[in-house]
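Scroll down for the structure; my scribbles are underneath it.
The values are calculated or read from the model by the stated rules, or taken from the named source; none is laboratory data. No experiment lies behind these values; they were computed from the predicted model shown. Glycine gets a Cβ as well: all are built from the backbone with ideal geometry, and neighbour counts include every protein chain shown.
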Amino acid sequence: MTTLDRRKFLQSMAAAGVVLAGRHPAFAASGAHTMPPAEATAGFRPDIELDLNAVAREMDVLPGGPTRVWRYTGRVVRGGPQTLSFLDGSRHMPIIRVRRGQKVRINFTNQLPEESIVHWHGLHIVQRMDGHPMYAIAPEQRYVYEFIIDNRAGTYWFHPHPHERTGIQVYHGLTGLFIIGDEEDDAARLPKDELDLPIVIQDRTFDARNQLVYIGRSMMERMMGFSGERVLVNGSPNYNRGVTRTAYRLSLFNGSNSRTTLPSACAWRIPCTYTTCSFASSGATARLRPAASSKT
C-alpha cells in the first residue's frame with residue numbers, strides 16, 4: 001500500500017490545478033474562453049423572438065445626481081407587445097412573459113465593458129442555452145439562445161453569470177423576471193393584467209455621490225454577502241403604487257445580495273389582499289399555492 005503525506009498530497013493537487021487551468025481556460029480567472037457563441041439555427045421556428053442587450057447607463061435613483069448602472073434593454077422581434085415590459089415603477093428591470101410550450105429565441109448582445117452571459121434561473125433547458133460562465137461573451141459579441149418553455153407556470157428570473165463577476169453585475173442592475181403562464185394558471189382565474197404586480201425587493205448601498213458600493217469592508221462580506229443600507233422596491237427607494245379596492249396578485253422576489261432574507265418589517269411592508277408567490281431568496285417559485293394567504 002502506497003502512502004502519501006500531507007505535503008506531497010497538497011503539492012500534487014496544486015500541480016493538477018495548474019494542468020486543469022491550462023487545459024480549460026474557460027474556467028481561468030483571466031477570462032479566456034474557448035467556446036464560440038451560439039448562433040441562430042435555421043430549422044428553429046420561434047414563437048417568440050427578442051433582442052436583449054446588456055448596457056451601461058446613468059439613472060436618477062436618489063436625489064442629488066445620477067447613478068451609474070448596468071441594465072437590460074430590448075425589443076420584441078416576434079410576438080405580442082406584452083412579451084417584454086418593465087417592472088411597475090422601474091425603468092431598468094425587464095419582465096419577459098411567455099407560455100409553456102412556446103419556442104423562444106433571444107438574441108443577447110453584450111454592450112458592457114467586460115464579459116457577460118445570461119443565465120435563465122430555474123428553466124429546464126439544455127446546458128448550452130443555460131448561460132454557463134464558459135460561454136461568456138466579450139464586449140460587442142452576440143449569443144443566440146433558442147429553447148422551448150418546458151416549465152409549469154411560475155415566476156423565474158434571469159441574470160448575468162460570468163466567472164467571478166456574477167454578483168457585481170447583478171448588484172449594478174442586471175436583473176430581470178421571466179414569467180411563465182400555462183393552462184393550469186389560466187384555470188385558477190386569478191387577477192391579471194394591471195392587477196398582476198411583480199415586486200422585486202433589493203438592498204443596496206450608495207456612496208456620497210450616489211454611486212453603488214459593492215463589497216467594501218471585510219472578507220466575510222465577500223464570502224457570505226452583505227446587507228445594503230437602503231431597501232429598493234422595483235428599483236426605487238420610494239416605490240408607491242395606487243390601488244383600488246379589489247384583489248391583486250403579487251409575485252414577491254428577494255433580489256438582495258445576501259442569501260439571508262430581509263427583515264420582516266421590510267419584507268411585508270407592502271399590504272396585499274392576495275399573494276401567490278412565497279418570499280424566497282434568489283430562486284424561482286410556482287405561481288400557484290394550495291390556498292390564498294393574507295399579509296398585512
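Here is how the numbers come out for the structure above:
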read-out	value
Entirely in the stretch 207-286, the strands (runs of 3 or more DSSP E) that have 2 or more residues that are buried (at least 19 other Cβ atoms within 10 Å of the Cβ), at pLDDT below 80 and of a type outside the set (Phe, Trp, Tyr)	272-275
Of the criteria (1) touching a Pro at 6+ places or on another chain (Cβ under 6 Å); (2) over 22 Å from Arg152 (Cα atoms), which one Thr205 fails	(1)
Which listed residue is out of contact with any helix residue (DSSP H, G or I) (no Cβ under 8 Å at 6 or more places or on another chain), in a strand (DSSP E or B) and assigned by TED's automatic domain parsing to the domain that holds Gly89, from Ile168, Ile179	Ile179
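Here's the yes/no breakdown for (1) in contact (Cβ under 8 Å) with a residue 24 or more places away in the chain; (2) surrounded by fewer than 22 Cβ atoms within 10 Å (Cβ to Cβ); (3) over 29 Å from Ala42 (Cβ atoms):
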position: Ala136; (1), (2), (3): yes, no, no
position: Pro139; (1), (2), (3): yes, yes, no
position: Ile148; (1), (2), (3): yes, yes, no
position: His172; (1), (2), (3): yes, yes, yes
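To keep it simple, each residue is scored yes or no on (1) part of a strand (DSSP E or B); (2) out of contact with any His (no Cβ under 8 Å at 6 or more places or on another chain); (3) in the same structural domain as Gly74 (by TED's automatic domain parsing).
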site	(1), (2), (3)
Thr109	yes, yes, yes
His119	yes, no, yes
Glu140	no, yes, yes
Tyr145	yes, yes, yes
